[in-house]
Amino acid sequence: MSLFRKIFGSISDKKEEELKSSERGKYMPEIKLPIDEKFTINFKANGGKFLYCEDLEEVFESLENIIQENKWEDKKTFFFDKNLKDKFKESGLVAADTLSDSTIFLTTCENLIGNDGSLLISSNQIAEKKLTELPINFIVFATTSQIVENIGEGLRGIKNKNKQKIPTNITTIKHFKSSDEKDFLSYGSSSKNLYLLLLEDL
């Protein structure tokens, strides 16, 4: 009897342990994920493509891979930000003179929102344009220090950074085009084929 107990008893004990661990969420407080991990999970769930880079050299390598993967070598990129245009002038991107002439839009953002994986942008990045007026292909260059918990924290950050003149046209990009199929959650919003080049700066 004790031999059977040793063999079968241990199996049932394991099952009981598995049962307890699977039911943990019902009775225990939710495990709090680090903000960067939460952002990454939510961003990918929204359909975004995420490339983590340790330095600028890696940023340029990742950008080159994006261009090759999408066959964008002869496509034009629009920049609103002159500093960003200067930073990426050696990357092989062909700068467009007008927005209508471009296939890709390369920009920064105000913040990366952890709790829903969206990007907070303003007139600093898109002037007074609507998202629908911008190319469907977005490449966003951001840093890990821009990750915040929620939109409220992001808005406070915008206000503190721009005390002289608060930017207008503040919006979030949340739906990233992962396929041609539309789902009812993204109805009425402008979905984008979005790549995020995230530079470690902490």
### Boolean, residue 38 is on the phi > 0 side of the Ramachandran plot and of a type outside the set (Asp, Glu)
no
### Which listed residue is surrounded by fewer than 21 Cβ atoms within 10 Å (Cβ to Cβ), within 22 Å of residue 66 (Cβ to Cβ) and more than 20 Å from the chain's Cα centre (by Cα), from 99, 131
99
### Summary
Within region 118-136, the residues that are out of contact with any Ser or Thr (no Cβ under 8 Å at 6 or more places or on another chain) and among the small types (Gly, Ala, Ser) are 127
### Query
Quick one: residue 90 ticks every box in (1) closer than 18 Å to residue 108 by Cα; (2) under 20 Å from the mean Cα position of the chain (by Cα) bar one, so which box is it?
(2)
### Summary
In region 71-85, anything in a strand (DSSP E or B) and either of a type in the set (Ser, Thr, Tyr) or over 21 Å from the mean Cα position of the chain (by Cα) (or both) is listed as 76, 77
### Filtered residues of region 150-167 (kept if of a type outside the set (A, V, I, L, M, F, W, C) and in contact with a strand residue (DSSP E or B) (Cβ under 8 Å, 6 or more places away or on another chain))
150, 153, 154, 157
### Query
If you go through region 50-74, how many residues are surrounded by 14 or more Cβ atoms within 10 Å (Cβ to Cβ) and in contact with a helix residue (DSSP H, G or I) (Cβ under 8 Å, 6 or more places away or on another chain)?
4
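Taken together, the values in this text are just the output of simple stated rules run on the coordinates, not laboratory data. For clarity, every value in this text was computed on a predicted model and none was experimentally measured. A quick note on method: Cβ atoms are made from the backbone with ideal geometry, for glycine too, and the neighbour counts reach across all protein chains shown.
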